[in-house]
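Have a look at the structure below before the remarks.
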Amino acid sequence: MTSRERVMTAVRHQEPDRVPIDFGGMGSTTIMAVAYNRLKKHLGMTGGETRVYDTYQQLAEVEPEILDRFHVDVIRLTHTLGEHPEQWKDWTLADGSAGKVPVDFNPVPDGKGGWVWLDELGQPFRVMHKGAHYFDIIRYPLQDAQSISDILAYQPPRLTDEYLGYLNERAKWLHDNTEWAIMASFEGKFTEAGQNIRGFDTFLMDMAARPDWAEALMDRLLESHLEELPRFAKAVGEYVQIVQLGDDLGTQQGPLISPAMHERMVLPKRKVLYGAIKEQMGLPIFLHSCGGIYELIPQLIEAGVDILNPVQTTARGMDPARLKREFGDKITFWGGGIDTQTVLAFGTPERIREHVRERIRILAPGGGFVFNHIHNVQANVPPENVVAMFDAAYEFGRYPIEGVALTP
């Protein structure tokens with residue numbers, strides 16, 4: 001069974017030969033560059049380059065040698081534009097190790113040992129403080145909006161013809177020359193986009209106190225998504241297997257908004273967009289949403305979500321046995337394979353091995369499961385723990401799998 005066949009069999013809620021494995025298939029299933037360098041050293045890899053394709057989260061592009069080593073079945077389509085060395089430049093990571101970043105990434109020192117990222121107008125909008133590993137957003141495009149007219153005038157970014165041409169060429173090459181399942185990312189955000197445009201707290205206050213503002217912005221986003229979708233579908237739809245969207249809806253303690261608010265303000269927009277994706281591309285929809293979103297899962301299924309990630313099992317309501325019991329025949333769980341907050345970061349390889357085995361026994365029977373750590377491997381994760389995790393997933397993921405009782 002090829003990787004592509006394996007993934008799509010699992011997504012159809014059938015049992016493939018083994019549980020599919022993802023490492024780097026999208027921007028929340030990969031690894032921070034600092035941890036990636038340590039992993040390469042641990043594995044004895046001396047060649048290649050550590051390319052920081054996501055400079056905001058400082059994420060590394062997982063190289064084919066590591067994908068093969070860990071029996072990975074998924075590849076991310078939307079790599080940073082360009083594969084040529086001249087489009088990358090040297091960068092020193094937070095721990096002093098070497099990496100590469102895109103040539104147009106030009107933060108400036110803040111004079112305190114950190115970095116400031118400037119927007120196209122030369123205004124600071126992200127910062128990385130000394131000792132930090134991420135860039136934090138400090139300025140939002142519509143944070144100072146004074147009226148709903150300002151909201152209605154907002155112009156979301158557009159996909160350029162150059163970028164779509166690149167996606168088309170890369171998607172065709174991956175389809176014709178590899179056996180990986182190909183994941184294509186489409187913007188498709190509503191609530192998370194609103195937070196990134198207005199500010200995290202401001203947009204949530206809009207939803208509660210100025211719903212016409214929030215609705216206007218989400219309607220503008222929907223309009224933009226529907227305009228971009230046919231161009232995106234034409235570029236990649238013939239070659240990819242999964243359409244990936246993201247829209248964080250949860251915290252450690254539960255949903256960011258109530259199910260009633262989501263049903264009233266957001267669900268109708270999801271139905272329109274997700275329905276259009278299904279109609280124009282005919283592909284399963286993968287939604288990334290962090291946090292405790294148990295109460296929202298029925299609405300996401302109703303909207304057309306086929307695959308849920310990262311399955312944050314440490315958040316309220318996200319017990320994996322409960323999720324599998326209640327929703328396992330309706331949605332594929334892509335993640336939940338290991339508790340990254342405690343076990344992956346601080347456990348022993350032996351503890352990790354048993355933890356992964358237990359998660360597979362819960363989530364894998366009947367298909368509908370792709371193994372992945374919950375969100376990205378963080379900078380503090382020891383490389384031997386990463387190896388133990390993926391080796392256990394490969395060892396224990398062979399079907400048939402003896403499941404565990406899922407009764408309440």
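Here are some notes:
- Ascending count of other beta-carbon atoms within 10 Å, so fewest first, for Asp150, Asp212: Asp212, Asp150
- Within-15-Å neighbourhood charge of His355 [Cβ basis; K, R +1; D, E -1]: -3
- Label-point gap, in nm, between Arg325 and Lys41 - each point 7 angstrom along Cα→Cβ: 4.6
- Relative contact order, whole percent, for segment 17-74 stands at 45, derived from Cα pairs under 8 Å and 6 or more residues apart.
- Length released on extending from Glu279 to Gln155, taking residue separation times 0.36 nm less the Cα-Cα span: 42.1 nm
- Normalised contact order of the chain, rounded percent, pairs of Cα under 8 Å and 6 or more residues apart: 20
- Amide H contacts under 5 Å for Lys89, placed H, 5+ residues apart: Val101, Val103
- Taking Lys and Arg as +1 and Asp and Glu as -1, the other residues whose beta-carbon sits under 13 Å from that of Asp176 total 0.
- Cross-link table Lys41/Lys100; Lys172/Lys234; Lys269/Lys324; Lys189/Lys271; Lys100/Lys130, entries beyond 22 Å C-alpha to C-alpha: Lys269/Lys324
- In range of the label at Asp212: residues from segment 129-156 whose backbone nitrogen is under 11 Å from the point 7 Å along Cα→Cβ: 148-149
- Segment 291-305 and segment 93-119: distance between their alpha carbon centers, rounded to Å: 37
- Considering only the chain, percent of DSSP beta bridges that pair antiparallel, nearest 5: 50
- For segment 150-164 and segment 1-68, distance of Cα centres in Å: 30
- Most fluctuating residue given options Asp110, Asp73, Asp17, as computed from a GNM of the chain linking Cα atoms under 10 Å: Asp110
- The label point for Ser97 and the one for Thr342, both projected 7 Å from the Cα toward the Cβ, are 2.7 nm apart.
- Counting only DSSP beta bridges with both residues in segment 237-371, the antiparallel share comes to about 15 percent.
- log10 of Debye I(q)/I(0), alpha-carbon scatterers only, for the chain at 0.06, 0.09, 0.10, 0.12 Å⁻¹: -0.23, -0.54, -0.68, -1.02
- Here the relative contact order of segment 106-151, from alpha carbon pairs under 8 Å that lie six or more residues apart, stands at 23 percent.
- All other residues whose Cβ lies under 12 angstrom from that of Val101 are scored, Lys and Arg at +1 and Asp and Glu at -1, for a net of -2.
- Each residue of segment 59-70 is assigned a 3J(HN,Hα), and the resulting list reads 9, 8, 6, 6, 7, x, 4, 6, 4, 5, 4, 9 Hz, derived from the Karplus form 6.51 cos²θ - 1.76 cosθ + 1.60 (θ = phi - 60°), x at Gly and Pro.
- Cα centroids of segment 215-234 and segment 371-389: 35 Å apart.
- Among Gly48, Gly335, Gly122, residue whose mean-square fluctuation peaks in a GNM of the chain (springs only between Cα atoms under 10 Å): Gly122
- Each helix, a run of at least 4 DSSP H residues, gives -39500 (n - 2.57); summed and divided by the residues of the chain, these come to -11500 deg cm²/dmol at 222 nm.
Only the coordinates and a few stated rules stand behind these numbers; no lab work does. Only a predicted model underlies this, so the values are computations on that prediction, with no experimental measurement involved. FYI the Cβ positions are ideal-geometry reconstructions off the backbone, even for glycines, and counts take in every protein chain you see.
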